[in-house]
Amino acid sequence: MTTSRTGTNEWKKARARVLARSTVCHLCGLPGANEVDHVVPYSRGGGDNEENLRPAHRSCNRSKGARITGPVLPRTRAEVAVAMREWERTVGPSREW
């Protein structure tokens with residue numbers, strides 16, 4: 001049985017280091033990121049090196065897909081406030097802010 005590249009100890013350690021540095025999603029700017037996104041997608045030649053990895057929410061990462069994009073930040077303060085209230089209601093107040 002073969003192991004996928006994301007199932008290796010090396011990948012798991014890199015993922016843990018990225019998320020230990022920050023859990024603020026690089027795509028939307030909100031805390032609570034639980035995945036690691038490839039800035040340059042693996043399918044487009046990006047590597048699994050930490051310089052190419054950033055924290056991301058699962059939904060933000062899925063929305064980005066295999067595109068190379070900049071951050072998809074909320075447009076207004078009101079949108080950020082609504083998203084923060086929703087997040088805090090789900091997981092409790094953030095101490096990173």
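The values are calculated or read from the model by the stated rules, or taken from the named source; none is laboratory data. Please read these numbers as outputs of a predicted model, since none were measured by experiment. As a convention, Cβ positions derive from the backbone with ideal geometry for all residues, glycine included, and neighbour counts pool all protein chains shown.
Worth a mention:
- Among the residues of segment 50-76, just one is part of a loop (DSSP other than H, G, I, E, B) and modelled with pLDDT of 90 or more, namely H57.
- Subset of segment 8-29 (residues that are touching a residue at least 12 places away in the same chain (Cβ under 8 Å) and aliphatic (A, V, I, L, M)): A14, V18, L19, V24, L27
- Of all residues in segment 32-48 being modelled with pLDDT of 90 or more and not β-branched (V, I, T), the one that is farthest from G65 (Cα to Cα): G32
- Members of segment 13-61 that are of a type in the set (G, A, S), more than 26 Å from R85 (Cβ to Cβ) and in contact with a helix residue (DSSP H, G or I) (Cβ under 8 Å, 6 or more places away or on another chain): A14, G46
- The one condition in (1) surrounded by fewer than 11 Cβ atoms within 10 Å (Cβ to Cβ); (2) assigned to a loop (DSSP other than H, G, I, E, B); (3) among the hydroxyl-bearing types (S, T, Y) that S43 fails to fulfil: (2)
- Pick from segment 1-22, criterion part of a loop (DSSP other than H, G, I, E, B) and at pLDDT below 90, ranking: farthest from the chain's Cα centre (by Cα): M1
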